[in-house]
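Q: Sharing a structure below in structure tokens format, with a few things to ask.
The values are calculated or read from the model by the stated rules, or taken from the named source; none is laboratory data. Just so it is clear, the structure is predicted and the values come from calculations on it, not from any experiment. All Cβ positions, even for glycine, are placed from backbone atoms using ideal geometry, and neighbour counts span all protein chains on display. For accessibility, only protein heavy atoms count, side chains too; no ligands or nucleic acids. Shrake-Rupley method; radii C 1.70, N 1.55, O 1.52, S 1.80 Å.
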Amino acid sequence: MPFRSYLVLIAALTASITFASSELKAVKIAKPPVIDGIVSADEWKDIPSVEGLYDNTTGAAYSDGGKFWLAYDKDFVYFAAQLQEKDLHAIRATEYRTNVSLTGDDYVELDLDLSGSLSSFNTFQINPQGATNINIAGGRAAKREWLGEFLAKSRITGTGWEVEARIPWSGMSIPRGGSRNVRFNIQRYVAHSQRTLSYTYVPFTQTALTPTWVGVELPSPPVDRSIRLLPYAYAGYDPKIKGVFNSGVDIKTALSDQINLVGSINPDFRNIENQILSIDFSRFERLAGETRPFFQEGRQFSNSTIFASQRIGGFDFGLNTYGRVTDKMSFSLIDATRFGHENDAIFNVTEDPNPNTSIRATVTELERNGISNQAYLIRLSQNIGAYNIFVRNMGSQDTKSGFGMQSDLMLNYSKAGFSAGGGYLRADPGFRPRLGFVPEVDLEGPFYNLDFSRNYNYGGISDTDFGFGQATLNHTDGSFYRNESAANASVTFRPGINFFARADLADFEGSHDSLYTLIASYPNGNPYNNLGIHYDFGNQAGLPYRSLAVATAYRVTKKLQLRLRHQHVDYAGPNDQTILSLSYDLGNDRAISGRLVRQSGHTNAYVAYQRSGNKGIEYFLILGDPNAESFRTSLILKVTVPFRLG
């Protein structure tokens with residue numbers, strides 16, 4: 001059956017399937033509550049509230065519950081929460097700043113999808129100290145002039161902790177004004193038990209169960225057509241470069257109430273700290289995470305297998321346009337040019353006709369020094385109760401490898417901590433989307449995996465998880481490629497000690513590989529103070545393989561954080577990698593940070609003072625090059641001055 005016929009058949013079978021969600025009546029208030037972290041009964045008495053929390057893994061009710069209030073006026077959304085906690089000493093509130101990661105802290109999170117499409121959630125997190133984290137639908141870089149902010153206050157009480165927050169409508173992309181049914185949910189993370197809880201339990205295959213905030217009178221969407229500019233310049237000393245000076249500018253404006261345009265002229269990627277991959281053995285390419293702000297903008301809308309922004313290096317001029325065309329359709333268009341050398345482009349569009357169906361199409365193009373590459377993707381994701389059907393077809397045309405295609409068909413099931421999935425894939429030898437991340441091709445065959453997780457509220461064991469997976473793959477000409485089986489088990493004890501074990505057995509084109517993994521960590525889920533040991537042993541590609549990694553984090557004071565990771569690998573000879581990093585907070589927007597990396601006989605280090613993450617002028621004074629192989633005695637001063645035109 002042709003691929004298009006699969007899409008038509010699945011859409012026809014599932015078009016009439018709907019699921020009911022819980023509802024909360026929206027109330028527009030005339031007198032706003034005072035945001036002081038004290039949830040007063042008088043202030044919130046006329047505002048609708050909801051109660052209860054359920055485990056995100058199993059759907060089971062959680063013993064320490066919560067009560068939540070939600071209201072709005074023409075300028076703001078107002079949110080309050082009272083969270084119960086039997087052990088007050090277990091409440092973790094390390095962060096105190098705004099717009100920072102709250103990973104490892106207790107926090108409460110409000111999720112709002114103004115479009116009602118279930119694909120454009122804005123998330124607002126608050127910890128017990130009032131520290132905040134924002135994730136705006138579509139994705140935005142961390143600069144506050146572009147990200148926005150909200151006011152939040154928290155306090156620890158005799159029965160737990162509580163929070164009040166005021167979120168501006170102007171910080172979100174607002175659909176056309178008028179009465180709307182907004183999708184929402186409320187999450188709570190409990191640090192000492194590592195539980196993620198929800199007001200409404202929504203399995204990933206049943207997103208239509210997400211609650212509805214009924215009858216919200218959205219304000220008319222403001223369209224700020226001013227041009228926001230972030231020009232930068234840096235200068236300094238570098239013995240390997242004569243006349244160290246560079247400058248450029250980032251630009252952002254609104255094309256409509258739902259569509260943004262970001263431009264970048266000569267962006268500075270030199271002084272952005274890249275992620276570092278470990279030295280583990282791998283038969284396939286690995287890709288470090290993306291840290292560059294230009295590609296953080298609209299990243300949700302550009303998400304696609306055939307586009308990995310890390311493939312695009314430095315460029316002279318780039319445009320990034322993204323947003324929603326309708327409540328159900330979003331898009332992303334990125335074009336980056338290095339004049340006379342390379343041009344890269346991606347266009348991605350996603351249609352979500354109903355809460356259980358998502359359709360995506362992507363095209364990419366790369367032109368580089370005589371190499372021309374074009375690729376396409378079309379995929380359908382369909383939820384049917386606890387099941388998800390995923391169908392995808394991709395293709396590429398390349399001047400060197402010619403035309404190639406990959407097709408995938410997968411079926412997944414998830415309910416109450418148990419998940420199972422399986423499918424069939426085929427990738428031609430010539431499939432090569434140069435702007436994407438496809439680590440292996442020339443294969444076809446079936447695969448499946450099983451996983452069972454369980455949480456325990458009482459006793460010495462906190463969590464268990466067991467998984468198994470298997471794949472049987474041949475080359476597309478029918479010759480043998482590889483068989484692989486993997487099993488893993490994990491248990492977390494109540495004090496926070498976690499043990500993980502995994503076994504991977506594979507026959508890779510005649511090479512009988514084995515890899516056994518043992519990991520111990522304590523306390524599990526605490527990113528500020530922890531110790532972990534990771535040991536691998538076995539045989540890879542016909543040679544003995546041993547790897548030992550030790551990682552630790554220690555928060556010396558409230559403001560000084562240290563992290564150290566050392567890995568030693570024995571595989572056809574010894575290899576070592578050491579990474580030491582530190583950060584010292586000087587205030588909400590000022591810090592000293594640094595990193596030392598030793599690998600393959602080379603040592604690099606840098607230290608930097610920065611004022612960033614807040615409004616106004618940003619400063620960076622950097623000694624060394626964050627991404628060089630060996631230390632460079634360079635000293636760079638970088639200044640960014642935001643302003644508006646119009």
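Q: Looking for something at pLDDT 95 or above and among the small types (G, A, S) - is there at least one such residue anywhere in the range 48-69?
A: No, there is no match, as no residue in the range 48-69 is at pLDDT 95 or above and among the small types (G, A, S).
Q: Do you know which residues across the range 76-135 are farther than 16 Å from R188 by Cα, of a type in the set (D, E, K, R) and open to solvent by less than 10 Å² (accessible area, probe 1.4 Å)?
A: Of everything in the range 76-135, just one residue is farther than 16 Å from R188 by Cα, of a type in the set (D, E, K, R) and open to solvent by less than 10 Å² (accessible area, probe 1.4 Å), namely D113.
Q: Continuing with the same structure: When you go through (1) in contact with a Lys or Arg (Cβ under 9 Å, 6 or more places away or on another chain); (2) surrounded by fewer than 17 Cβ atoms within 10 Å (Cβ to Cβ) one by one for V491, which number turns out not to apply?
A: (1)
Q: Out of all the residues in the range 526-546, which are open to solvent by less than 30 Å² (accessible area, probe 1.4 Å) and within 28 Å of the chain's Cα centre (by Cα)?
A: Correct list: N526, Y528, G532, D536.
Q: If you don't mind, another one. With respect to A336, determine if the residue is of a type outside the set (F, W, Y), at pLDDT 95 or above and touching a strand residue (DSSP E or B) at 6+ places or on another chain (Cβ under 6 Å).
A: Values: of a type outside the set (F, W, Y): yes; at pLDDT 95 or above: yes; touching a strand residue (DSSP E or B) at 6+ places or on another chain (Cβ under 6 Å): yes.
Against the criterion (of a type outside the set (F, W, Y), at pLDDT 95 or above and touching a strand residue (DSSP E or B) at 6+ places or on another chain (Cβ under 6 Å)), A336 qualifies.
Q: Looking only at residues in the range 292-309 that are among the polar types (S, T, N, Q) and part of a helix (DSSP H, G or I), which one is most open to solvent (accessible area, probe 1.4 Å)? Before the answer, list the steps.
A: The first filter runs over the range 292-309 and keeps only residues among the polar types (S, T, N, Q), leaving 296, 300, 302-305, 309.
Checking the rest, the ones that are also part of a helix (DSSP H, G or I) come to 296, 300, 302, 309.
Working: Q296: 39, Q300: 71, S302: 8, S309: 16 Å².
Going through the qualifying residues, I end up with Q300.
Q: Residues that are among the small types (G, A, S): find the strands (runs of 3 or more DSSP E) completely inside the range 32-128 holding 2 or more of those.
A: 66-72, 76-84
Q: Name every residue in the range 497-520 that is of a type in the set (S, T, Y) and modelled with pLDDT of 95 or more, in order of residue number.
A: Residues satisfying the conditions are S514, Y516, T517.
Q: Of the conditions (1) in contact with a Phe, Trp or Tyr (Cβ under 7 Å, 6 or more places away or on another chain); (2) of a type in the set (V, I, T); (3) surrounded by 17 or more Cβ atoms within 10 Å (Cβ to Cβ), I461 clears all except one; give me its number.
A: Evaluating I461 over (1) in contact with a Phe, Trp or Tyr (Cβ under 7 Å, 6 or more places away or on another chain); (2) of a type in the set (V, I, T); (3) surrounded by 17 or more Cβ atoms within 10 Å (Cβ to Cβ) leaves (3) as the failure.
Q: Taking F284, is it open to solvent by less than 20 Å² (accessible area, probe 1.4 Å), outside any strand (DSSP E or B) and either of a type outside the set (A, V, I, L, M) or more than 20 Å from F347 (Cα to Cα) (or both)?
A: Answer is no for this residue.
Q: Would you list the strands (runs of 3 or more DSSP E) that sit entirely within the range 172-225 and hold 3 or more residues that are over 30 Å from N498 (Cα atoms)?
A: So the answer is 178-190, 212-218.
Q: If we keep just the residues of the range 365-376 that are out of contact with any His (no Cβ under 9 Å at 6 or more places or on another chain) and open to solvent by 10 Å² or more (accessible area, probe 1.4 Å), which is modelled with the lowest pLDDT? Talk me through it step by step, then tell me what you get.
A: Within the range 365-376, the subset out of contact with any His (no Cβ under 9 Å at 6 or more places or on another chain) is 365-367, 370-376.
Retained after the next criterion (residues that are open to solvent by 10 Å² or more (accessible area, probe 1.4 Å)): 365, 367, 370-372, 374, 376.
Details: E365: 98, E367: 97, G370: 89, I371: 95, S372: 97, Q374: 98, Y376: 98.
Per the criteria, the residue is G370.
Q: Residue by residue through the range 1-31, note down the ones that are of a type outside the set (D, E, K, R), modelled with pLDDT of 90 or more and open to solvent by 60 Å² or more (accessible area, probe 1.4 Å). Give the steps one after another, and end with the answer.
A: Restricting attention to the range 1-31, the residues satisfying the condition of being of a type outside the set (D, E, K, R) are 1-3, 5-22, 24, 26-27, 29-30.
Now narrow it down to the ones that are modelled with pLDDT of 90 or more: 24, 26-27, 29-30.
A30 - this is the single residue of the range 1-31 that is of a type outside the set (D, E, K, R), modelled with pLDDT of 90 or more and open to solvent by 60 Å² or more (accessible area, probe 1.4 Å).
Q: What residue, of D625, D585, is among the acidic types (D, E) and touching a Ser or Thr at 6+ places or on another chain (Cβ under 9 Å)?
A: Checking each option against the conditions leaves just D625.
Q: Give the number of residues within the range 310-360 that are touching a residue at least 60 places away in the same chain (Cβ under 8 Å), outside any loop (DSSP other than H, G, I, E, B), open to solvent by less than 30 Å² (accessible area, probe 1.4 Å) and of a type outside the set (F, W, Y).
A: Of the residues in that region, 10 qualify.
Q: Output yes when any residue across the range 245-255 is basic (K, R) and crowded, with 19+ Cβ neighbours inside 10 Å, and no when none is.
A: Step one: filter the range 245-255 for residues basic (K, R), giving 252.
Retained after the next criterion (residues that are crowded, with 19+ Cβ neighbours inside 10 Å): 252.
Checked against the condition, which is being basic (K, R) and crowded, with 19+ Cβ neighbours inside 10 Å, the range 245-255 yields at least one hit.
Q: Consider R155 carefully, then state whether it is over 26 Å from G263 (Cα atoms), at pLDDT 85 or above, open to solvent by 10 Å² or more (accessible area, probe 1.4 Å) and in a strand (DSSP E or B).
A: yes
Q: If S490 passes every condition in (1) of a type in the set (G, A, S); (2) out of contact with any Asp or Glu (no Cβ under 7 Å at 6 or more places or on another chain); (3) modelled with pLDDT of 95 or more but one, which one does it miss?
A: Unmet condition: (2).
Q: Does P626 qualify as being touching a helix residue (DSSP H, G or I) at 6+ places or on another chain (Cβ under 8 Å) and either under 20 Å from P267 (Cα atoms) or basic (K, R) (or both)?
A: So P626 fails the test.
Q: Further question on the same structure: Restricting to the range 455-486, name every residue that is over 19 Å from A541 (Cβ atoms), of a type outside the set (F, W, Y) and in contact with a Ser or Thr (Cβ under 8 Å, 6 or more places away or on another chain).
A: N455, N457, I461, S462, D463, T464, D465, G469, Q470, listed by residue number.
Q: Would you please name the residue that is farthest from Q310 (Cα to Cα), looking only at residues in the range 422-436 that are part of a strand (DSSP E or B), open to solvent by less than 50 Å² (accessible area, probe 1.4 Å) and touching a Gly at 6+ places or on another chain (Cβ under 9 Å)?
A: First pass over the range 422-436, keeping only residues part of a strand (DSSP E or B): 422-427.
Applying the additional criterion that residues be open to solvent by less than 50 Å² (accessible area, probe 1.4 Å) yields 422-423, 425, 427.
From what is left, the residues that are touching a Gly at 6+ places or on another chain (Cβ under 9 Å) are 425, 427.
Working: L425: 25, A427: 22 Å.
Only one residue fits best here, namely L425.
Q: Give the range 549-566 a look and list any residue that's surrounded by 15 or more Cβ atoms within 10 Å (Cβ to Cβ) and touching a His at 6+ places or on another chain (Cβ under 8 Å), or say none.
A: Result: A549, A551.
Q: Taking the range 475-527 only, how many residues are among the acidic types (D, E) and in contact with a Gly (Cβ under 9 Å, 6 or more places away or on another chain)?
A: Result for the range 475-527: 3.
Q: Take the residues of the range 494-525 that are among the aromatic types (F, W, Y) and in contact with a Ser or Thr (Cβ under 8 Å, 6 or more places away or on another chain): which is least open to solvent (accessible area, probe 1.4 Å)?
A: F500
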